[in-house]
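Following: one structure in structure tokens, then a few remarks.
The values are calculated or read from the model by the stated rules, or taken from the named source; none is laboratory data. Quick caveat: nothing in here was measured; it's all calculated off a predicted structure. A quick note on method: Cβ atoms are made from the backbone with ideal geometry, for glycine too, and the neighbour counts reach across all protein chains shown.
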Amino acid sequence: MKLFSLLIFLLLILTLKSTAQFEEPISIYGFTQSIYLNKKVAYTIKDNPISGLPPTSGGLESDSFVMQQLNLFFTRPLGDNITFFLNTEFTANYNTKLSSGDMNIQEAWVAYRPRDEFQVKFGLLLPVYNNLNEIQNRFPLFPYIIRPIVYESFLEQLVQPADYLPQRAFLQISGLRNISNKLLAEYAIYVGNLESDYNASRAGTGTGDSDENFSYFRGEELSPKNMFGFRMGIKSRNESFKFGISGTHDYDNRRTVSSFSLARFPIQQIPILGDVSRYRIASDLSFFAGPFAFEAEYIKVLHRNSALMNLLGISLDKDFVYANLTWNINQKSFIYAGYSLIRNEAFEYVMPNSPDYKGLNVSTIGGGWRLNDYIVAKGQFVYGTVGTNQYVTIDTNFFNFGLSVLF
Amino acid sequence: MVNLLYIWILFSAIFDAPVSYVQLGKVAVIVHESVKSDELSSQQLLDIYTLNAQNWSDGKKIYVTDFKGDSEIRTKFYNYMSINKNDMKRIWLRKQFSGSGTPPLTVKTAEEMIEKVLSKPGTVGYVPVDKIPLNTRVIVTID
């Protein structure tokens, strides 16, 4: 399948018109968001014979300032209908000397757009999936500081985004079509690797090596399978209304038990399920009505085709929903309220009353002030509860202030 | 907390007072002579300025020019397309950050706009009718 994708791309390359004009210079722009973050976590763990965790309670509080993220974008036209795009990202006070934060290349692709109905992108890219995925790390586009749960990298230890979102694609075909005076239809289809759990953790030849997780280069995806996805939607011409449905198919790596599972359920015999076929089905809706802006998404994750799962009656299915309503008081200021919810059935077979049973609920309110076209000051309060049951209660508060700066 | 909200709203209202405009004559949408289209509807212009349309009907790339800041002519042109400046800015920002479009080249004067449109194939812009030099292609006139 990877070979097939490559062949399609090479055929498209052959249709490109050569150009000797490189009149337009490279454009460099970006944004940064720095925040003050007050975080409080209160937890109670009662005697639980299933998890083996000792009874305890306590809390954590931290006050910190952090440069949450800085993105640098580079674009350059490489001909009339060809564009190169590079998106680099630095997070959490990135500093190699202090082992702080991360730097990564989020996207690096070339797009060829001979017609508005047809565009092909090849390279590392964030695929079109629901409304937020393609722009999930572009803070100046959002009213909030802490994003809806599955999009928030701060919560990666709690929620693994790859369980809900396609992470990267490498070939995407998309386009727009006029369907009425008011509406445009849009589509995107793409192919990419499976989740990063399948990647080689180190390079090597494997000679005399019992570790299977190696390859010729670190990060190579070792599976012969691919992730496929699509989005189809409609939007108004002035983009005040947008609706779409999205879907992907890939595999959930259950070849080993994750350390995450072991930490939560140390004495349990957690079954090895292998490669579990996974479908993500999603829809998104966003619109403006006067001074109000509403956005919402729903994601259903289905796992299928594992005989062992059927035998054991195991479900790994997940749901995610979020909604956010923003009131633009005027051109400068806004306030908003949002809610997101995760229900994850993955651990219920291990512990029927696990904290995940009632899901992870996050409510948030906040506001902001656009100082000018380049600077937005934001404030946000987030309240999250990780289930509530006879064994565990976890409550979390985040109180944030920040500045988003475009440059 | 409620008082704080009122103060915020009041503060915002003071600093965000609307700007009044004087009357402007006709506005002409002009294109480079290489553009093959003879006319554009307001929807097509909206598609071009929102960067949803990036190619002319013959496949050539569209280059868009616009005026900087607030001006009477910009307001009139945006009204013709039934969109406001802030919505347009939001659309451009999303397209720019996702790599799916480059916001228009902005200029300060009609003379600059004319110079940009005439010098680069595929370019579109808009200027007051009385500023148009001879032999300029006009495809829309807005009253």
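Taking A:Tyr349, is it part of a loop (DSSP other than H, G, I, E, B), modelled with pLDDT under 95 and either in contact with a helix residue (DSSP H, G or I) (Cβ under 6 Å, 6 or more places away or on another chain) or among the aromatic types (Phe, Trp, Tyr) (or both)?
yes
Restricted to the stretch A:25-69, and to residues that are surrounded by 15 or more Cβ atoms within 10 Å (Cβ to Cβ) and in a loop (DSSP other than H, G, I, E, B), which residue is modelled with the highest pLDDT?
A:Leu53
In the stretch B:108-132, which residues are away from chain A (no Cβ under 14 Å) and under 30 Å from A:Glu134 (Cβ atoms)?
B:Val124, B:Gly125, listed by residue number.
Pull up the stretch A:328-345, narrow it to residues that are outside any strand (DSSP E or B) and either within 14 Å of chain B (Cβ to nearest Cβ) or under 23 Å from B:Met88 (Cβ atoms) (or both), then point me to the one that is modelled with the lowest pLDDT.
A:Gln331
Give A:Pro148, A:Pro114, A:Pro143 a once-over and let me know the one that is within 13 Å of the chain's Cα centre (by Cα), touching a residue at least 24 places away in the same chain (Cβ under 8 Å) and under 26 Å from A:Ile234 (Cβ atoms).
Going through A:Pro148, A:Pro114, A:Pro143 in turn, just one is within 13 Å of the chain's Cα centre (by Cα), touching a residue at least 24 places away in the same chain (Cβ under 8 Å) and under 26 Å from A:Ile234 (Cβ atoms): A:Pro148.
Table: residues versus (1) within 22 Å of A:Leu183 (Cβ to Cβ); (2) β-branched (Val, Ile, Thr).
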| position | (1), (2) |
| --- | --- |
| B:Val29 | no, yes |
| B:Asp38 | no, no |
| B:Gln54 | yes, no |
| B:Ser57 | yes, no |
| B:Lys61 | no, no |
| B:Thr65 | no, yes |
| B:Ser71 | no, no |
| B:Thr75 | no, yes |
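Just for the stretch B:91-106: of the residues that are under 16 Å from B:Tyr78 (Cβ atoms) and more than 7 Å from every other protein chain (Cβ to nearest Cβ), which one is surrounded by the fewest Cβ atoms within 10 Å (Cβ to Cβ)?
Per the criteria, the residue is B:Thr106.
Within the stretch B:107-136, which residues are closer than 28 Å to A:Ser174 by Cβ, surrounded by fewer than 17 Cβ atoms within 10 Å (Cβ to Cβ) and touching a Lys or Arg at 6+ places or on another chain (Cβ under 9 Å)?
The answer is B:Pro121, and nothing else.
Which one is nearest to the other protein chains (Cβ to nearest Cβ), of the residues in the stretch A:155-195 that are free of Cβ contacts under 8 Å to residues at least 12 places away in the same chain and either assigned to a helix (DSSP H, G or I) or of a type in the set (A, V, I, L, M) (or both)?
For the stretch A:155-195, the residue satisfying everything is A:Pro161.
Tell me, which residue of the stretch B:74-90 that is within 7 Å of chain A (Cβ to nearest Cβ) and within 14 Å of B:Leu45 (Cβ to Cβ) is surrounded by the most Cβ atoms within 10 Å (Cβ to Cβ)?
Step by step, filter the stretch B:74-90, then rank; the result is B:Ile83.
Spot the failing condition for A:Phe65; the list is (1) more than 18 Å from the chain's Cα centre (by Cα); (2) closer than 30 Å to A:Phe287 by Cα; (3) hydrophobic (A, V, I, L, M, F, W, C), and only one is missed.
That leaves (2) as the condition not met.
Residues that are aliphatic (A, V, I, L, M) and at pLDDT below 90: list the helices (runs of 4 or more DSSP H) wholly contained in the stretch B:1-103 that include at least 2 such residues.
It comes to B:2-15.
Taking A:Ala92 as the residue in question, decide whether it is assigned to a loop (DSSP other than H, G, I, E, B) and modelled with pLDDT under 90.
Judged against the criteria, A:Ala92 is not a match.
Name the residues in the stretch A:102-132 that are at positive phi and either assigned to a strand (DSSP E or B) or facing chain B (nearest Cβ under 10 Å) (or both), would you?
Listed by number, the list holds a single entry, A:Gly123.
For the stretch A:306-327, enumerate the residues that are within 25 Å of the chain's Cα centre (by Cα) and either part of a loop (DSSP other than H, G, I, E, B) or farther than 30 Å from A:Ile375 by Cβ (or both).
Residues satisfying the conditions are A:Ser315, A:Leu316, A:Asp317, A:Lys318, A:Asp319, A:Phe320, A:Val321.
Collect the residues in the stretch A:55-88 that are in contact (Cβ under 8 Å) with a residue 24 or more places away in the chain and among the hydrophobic types (A, V, I, L, M, F, W, C), keeping them in residue-number order.
Selection gives A:Phe65, A:Val66, A:Met67, A:Leu70, A:Leu72, A:Phe73, A:Phe74, A:Leu78, A:Ile82, A:Phe84, A:Phe85.
Look at the stretch A:133-154 and say how many of its residues are closer than 20 Å to A:Phe398 by Cα, of a type outside the set (A, V, I, L, M, F, W, C), within 14 Å of another protein chain (Cβ to nearest Cβ) and not in a loop (DSSP other than H, G, I, E, B).
Selection size over the stretch A:133-154: 1.
Every residue in the stretch A:299-312 that is free of Cβ contacts under 8 Å to residues at least 24 places away in the same chain and buried (at least 16 other Cβ atoms within 10 Å of the Cβ), please.
Listed by number, the list holds a single entry, A:Lys300.
Kindly indicate the residue of the stretch B:45-73 that is in contact (Cβ under 8 Å) with a residue 40 or more places away in the chain and among the aliphatic types (A, V, I, L, M) and also farthest from the other protein chains (Cβ to nearest Cβ) among those meeting that condition.
Among those residues, the one meeting the criterion is B:Ile73.
For the stretch B:25-44, give me the residue count where each residue is within 13 Å of chain A (Cβ to nearest Cβ) and either within 16 Å of B:Leu118 (Cα to Cα) or of a type in the set (Asp, Glu) (or both).
Of the residues in that region, 1 qualify.
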